[in-house]
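What follows is calculated from the coordinates using simple rules that are stated; it is not laboratory data. Given the structure is predicted, the values throughout are model-derived calculations rather than measurements. As a convention, Cβ positions derive from the backbone with ideal geometry for all residues, glycine included, and neighbour counts pool all protein chains shown.
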Amino acid sequence: MIALVTCADARHLDADLPLLLDHLDDGADVVVWDDPTVDWAAYRSVVVRSAWDYPRRRDEFLAWARRVASATSLWNPVEVLEWNTDKRYLTRLADAGTPIVPTVFVEAGDVVADGDLRGDIVVKPTVGGGSQGVERIQDDPAAARAHVAALHADGFVAMIQPYRSAIDVDGETGLVYVGGSFSHAFEKSAILAAPIEWEGSLYVKERIEARVPTAAQRALADRVVGSIPPTAYARVDLVPGVDGPELLELELTEPSLFLDTDPGAAERAASVFRSLDP
């Protein structure tokens, strides 16, 4: 039996779950990660899928992950979750030569250069999901500094990135990998090009469509996935940069896989999840 892990508020919002269950009819449960009654050792493997409430409870979530990993097979592995739940992982990828959206990380007490706060920028927390805490600020250093301070006051490290305006035309491209192999890709509309519209309290509404990645996008995503430990799933989010595609995020913890954008995606993911080492 496999456990597909969600959170209470996302249980009926995660569109991937019913598609996976259709292909895991030989045994899978949807389980809430912080349900104290669950016997995790009863599952052959536990696959984190939509624990979308972890950003404000990261320490609790990671402590849960370590407990589960000591009792059964956890995917993605706890070491991956610990690394990937703070976007400062981008530094390691950049140091290894991955073209990322240029990023300045600002911890509480750091002095932020005025130049980092000018222009069309995005300010967000390093621990987050569903665009929570994300603000696009256009040439207003005072507003940018205020949002950085607000994130610090809320207990977060802030990060500042330039807004890539080509997103308004081309959108983001997400490439999904299951078991280390490319599965499918999708286009995500530019959610910061207009006022954000929320879907409940967990994430913003997005327009998602199937997409065929370019050769450059595929090559970059293949390289990124090839540089990390084995995972059950990975989502590589790319945006158009100045000299080609740039990595915006590497999603290894709880990404929507948008399995409905490709006819065979759910079956491929289910096959990988079914074969995970017990």
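By other beta-carbon atoms within 10 Å, ranking V176, V127, V112 with the fewest at the front produces V112, V127, V176. What does the C-alpha gyration tensor say about the overall shape of the stretch 104-162? Classify as rounded when a/c is under 1.5, otherwise prolate if a/b is larger than b/c, or oblate. Oblate, because a/c is 1.5 or more while a/b does not exceed b/c.
Counting only Cα atoms, the chain measures 56, 40, 36 Å along its principal axes, largest extent leading.
Computed about its Cα centre, the charge dipole of the chain is approximately 420 debye, with only Lys, Arg, Asp and Glu carrying charge at their Cβ.
For V32, nonlocal amide neighbours, meaning residues 5 or more places apart or on other chains whose placed amide H falls under 5 Å from its own, are T6. For the stretch 68-141, the set of GluC sites (Glu not before Pro) satisfying both a DSSP loop assignment and a count of at most 10 other C-beta atoms within 10 Å is empty. In this structure the amide hydrogen of M159, modeled in the peptide plane, comes within under 5 Å of the amide hydrogens of V106, K124, T126, none closer than 5 places in sequence on its chain.
Residues D95, D260 in ascending order of nearby Cβ atoms (within 10 Å, fewest first): D95, D260. Electrostatic bookkeeping for V242 treats Lys and Arg as +1 and Asp and Glu as -1; over the other residues with beta carbon under 15 Å from its beta carbon, the sum is -3. For the stretch 36-45, in order, what is each residue's ³J(HN,Hα) by Karplus, 6.51 cos²θ - 1.76 cosθ + 1.60 with θ = phi - 60°, in whole Hz (x at glycine and Pro)? Here the 3J(HN,Hα) series is x, 8, 6, 9, 5, 5, 6, 9, 5, 8 Hz.
Relative contact order of the chain, taken over Cα pairs closer than 8 Å and 6 or more residues apart, is 21 percent. Near G97, once Lys and Arg are set to +1 and Asp and Glu to -1 for all other residues with Cβ below 15 Å from its Cβ, the sum equals -2. Here the Karplus curve 6.51 cos²θ - 1.76 cosθ + 1.60, taken at θ = phi - 60°, turns the phi angles of the stretch 55-68 into couplings of x, 8, 9, 4, 4, 5, 5, 5, 5, 4, 4, 5, 5, 5 Hz, with x standing for Gly and Pro.
For A3, neighbours were defined as the other residues whose beta-carbon sits under 12 Å from its Cβ, and their charges (Lys and Arg +1, Asp and Glu -1) total -1. Would the stretch 1-84 count as rounded, prolate or oblate if I go by the C-alpha gyration tensor, calling it rounded below 1.5 in a/c and otherwise prolate when a/b exceeds b/c, oblate otherwise? Verdict is oblate for the stretch 1-84.
Counting beta carbons within 10 Å around each of V48, V80 and listing the fewest first gives the order V80, V48.
Against the main long axis of the alpha-carbon atoms of the chain, helix 141-153 sits at an angle near 40°.
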